[in-house]
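First the structure, in the form of structure tokens, and then the observations on it.
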Amino acid sequence: MSSMKFGWTADRAALHKRRMSLSFALASMIALSAPGIAGGIAGVIVQDDRVVVRFDDRVNGASAFLLDTPRRIALDIDGAQVGRNQFAPGGSAVAAVRQGQLNDDTARVVLDLVGPATVGQPQIAADGKSLSFALQGVTDSRFRSEVGRGRMRFGAPAAMAARPQKRLHSITVPIPPSARGVALPPVEGSRDGARPLVVIDAGHGGHDPGAVNKEQGKREKDVTLAIAQAIRDQLVKSGRVRVALTRDDDKYLILQERYGIARKLGADLFISIHADAAENTQAQGATVYTLSETASDREAARLAARENKADILNGVNLGGQSGDVSSILIDLTQRESLNISASFARLLQREAAPYVPFRSSYHRFASLMVLKAPDTPSILFETGYISNADDAAFLSSREGQSQIARGVARAIEVHFARKLAMRGGTAGG
């Protein structure tokens, strides 16, 4: 594998290698029936290979991200309000344009695409009253790759760029409170607050030992803590990201508190470390899980049932989760996080494979409570089978923990280098 330098600089030329002229008619120009409302969406123009969204007053900023199945481009505009009229369908490349109010300060415009296309040259006009971007036709595989890269910021004039940027993530679904009563852990690594923040969660702890290898006397809670600490130390040494641990000792946290800590710290990535177990002691190798309301297979469903019961002690549900929370609605915001999570799962396997043995079917989906922060890309990393003698020895050894840490750190660095390159090296989003 060729080496990659991490200077955290953007290579704009590499981002837009392909551009296909998309010729289609004017989609719509929708005027508000009562102009003058601050930041109201006055219309959307789609013509040739350009999309322009106009406002009746200055907006604060904007970002865009891609969604698949079906293919869409979502625009989140800070300081904007939806227009009063409905948007009409677009031309041959844009099937429809829709709008909605994400929260009090952010409007969302969604373009339904006929074919795969990406966003190029995103910018906001100098007066702040319009934003525009190019539509670039791409292959299906390129589109899927771009989906996993997350948000891109619209470039702003100097006067606008000087304003403090608001956090882009928004929650539009009922979720449990964020780590109430739990002291937040220290953030280590780079002192630059603009650097990405990764929260590493060591599974189980305290009264909950997790899976146990009785022959070797190895407990999952001890192995996961040692691996999480090794990953932290590797990331701190690199100095490229900030990092925090949900637990740095043998204490117990309910599942809600684990991802609640990540949300309250404003984490850019959440990784929960575990060690699997199976009745078949020959089963071995690492697996990466991402969230889905439907399990990918029977084994994933079994894992979800086991891990989601970690909050139950002597029949008492310590998590206090409601049915609404356990079957949380996945909206566009969470779908973006799911796309990034799935992309990172594939990247983790690719980058960590030289250090960690993976199962052939390494990426699986399950309804895991610890991954249900809707605005934080999250994975659960089963680093191996503690029920397997070879895996248990590897996971509990310093050399094995060091190798896992190197692989995970490598994937994290590549992940954020990609995201920075996609944004052209600009801050925000």
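Quickly run through segment 254-280 and pick out the residues that are over 28 Å from A194 (Cα atoms) and buried (at least 24 other Cβ atoms within 10 Å of the Cβ). Can you show your working first?
Here is the first cut: in segment 254-280, the residues over 28 Å from A194 (Cα atoms) are 254, 274-280.
Within segment 254-280, H274, A275, D276 qualify.
Can you confirm whether A411 is over 18 Å from N213 (Cβ atoms), assigned by TED's automatic domain parsing to the domain that holds A267 and at pLDDT below 95? Don't jump to the end; show me each part of the working.
Details: over 18 Å from N213 (Cβ atoms): yes; assigned by TED's automatic domain parsing to the domain that holds A267: yes; at pLDDT below 95: no.
Taking the combined requirement at face value, the residue does not satisfy it.
Could you please find all residues in segment 135-154 being of a type in the set (G, A, S) and surrounded by fewer than 18 Cβ atoms within 10 Å (Cβ to Cβ)?
Correct list: S141, S145.
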Requested in this report: Look through S396, S322 and report the one residue that is farther than 23 Å from D268 by Cβ, of a type in the set (S, T, Y), outside the structural domain of D76 (by TED's automatic domain parsing) and at pLDDT below 95.
Outcome: S322
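Condition check: surrounded by fewer than 16 Cβ atoms within 10 Å (Cβ to Cβ), at pLDDT below 90 and either farther than 19 Å from Q229 by Cα or more than 21 Å from the chain's Cα centre (by Cα) (or both). Does A310 satisfy that? Write out each step before concluding.
Working: surrounded by fewer than 16 Cβ atoms within 10 Å (Cβ to Cβ): no; at pLDDT below 90: yes; either farther than 19 Å from Q229 by Cα or more than 21 Å from the chain's Cα centre (by Cα) (or both): yes.
Here the answer is no, as A310 does not meet what is asked.
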Query raised in the report: When only residues in segment 124-155 that are within 24 Å of D268 (Cα to Cα) and touching a Gly at 6+ places or on another chain (Cβ under 6 Å) count, which is modelled with the lowest pLDDT?
Result: R151
Query raised in the report: Pairs under 7 Å by beta carbon, first residue closer than 15 Å to A226 by Cβ in segment 245-257, partner assigned to a loop (DSSP other than H, G, I, E, B) and of a type in the set (F, W, Y), six or more apart or different chains?
Result: none
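The values are calculated or read from the model by the stated rules, or taken from the named source; none is laboratory data. Just so it is clear, the model here is predicted, and its values are computed rather than measured. Note that each Cβ is placed from the backbone with ideal geometry, even for glycine, and that neighbours are counted across all protein chains shown.
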